[in-house]
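Please treat every number below as a calculation from the coordinates, not as lab data. Just so it is clear, the model here is predicted, and its values are computed rather than measured. FYI the Cβ positions are ideal-geometry reconstructions off the backbone, even for glycines, and counts take in every protein chain you see.
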Amino acid sequence: MSALFWVILAFGLGVIEILSVTFFPIFFTISAIVALFLEIAGASNSAQWATFGVGGLVLSGVLRPIAKRQLEKGPTLKQRNEGLPGRHGVVTTEIGGHEAVGVVSIDGQSWSAKPASGQSGAIPAGADVEIIEVRGATLVVAPVSTGVQQ
């Protein structure tokens, strides 16, 4: 076989994989590239074809189930507010007043915040608070200490 044959075969299989996303042609694409290197190294045609066929089957038999499982599992990204309950933040705008809404800063991000139920009085700016829960984009907080951070 010629090196050009293996390049065209690898390219064609790669295009088929991109269009189909079946996780099957990609492994034969890899095997065709390995066969290309065997051609360049001067290996026999039978060694090239054996590498292409056996390599593609072994790779697809071993790696295809893993790739499909990862694809079916989907992303494992958490929403940015899932890890907030239990963390501490600093009040940047007093939580209190008529609507009892203020602003809390966590890791440089500002969040609107309300006091936890049963919380009496305002929570002053600079106070350290613990996030009790997240309701939409609003944090429900309780003061950690009575002092104001300096």
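General remarks:
- Axis of helix 45-73 versus longest Cα principal axis of the chain: the two differ by about 20°, to the nearest ten degrees.
- Pairwise Cα distances in the range 3-73 exceed 19 Å for 34 percent of all pairs.
- Where (1) 31; (2) 52; (3) 12 are the candidate values, the label of the one calculated here for percent of Cα pairs over 29 Å apart is (2).
- Evaluated over the Cα positions of the range 88-148, the convex hull gives a direction-averaged projected area, one quarter of its surface, of 3.7 nm².
- Charge dipole (debye, nearest 20) of the chain; +1 at Cβ of Lys and Arg, -1 at Cβ of Asp and Glu: 420
- Nearest 10 degrees, 0 to 90: helix 25-41 Cα axis against the chain principal axis: 50
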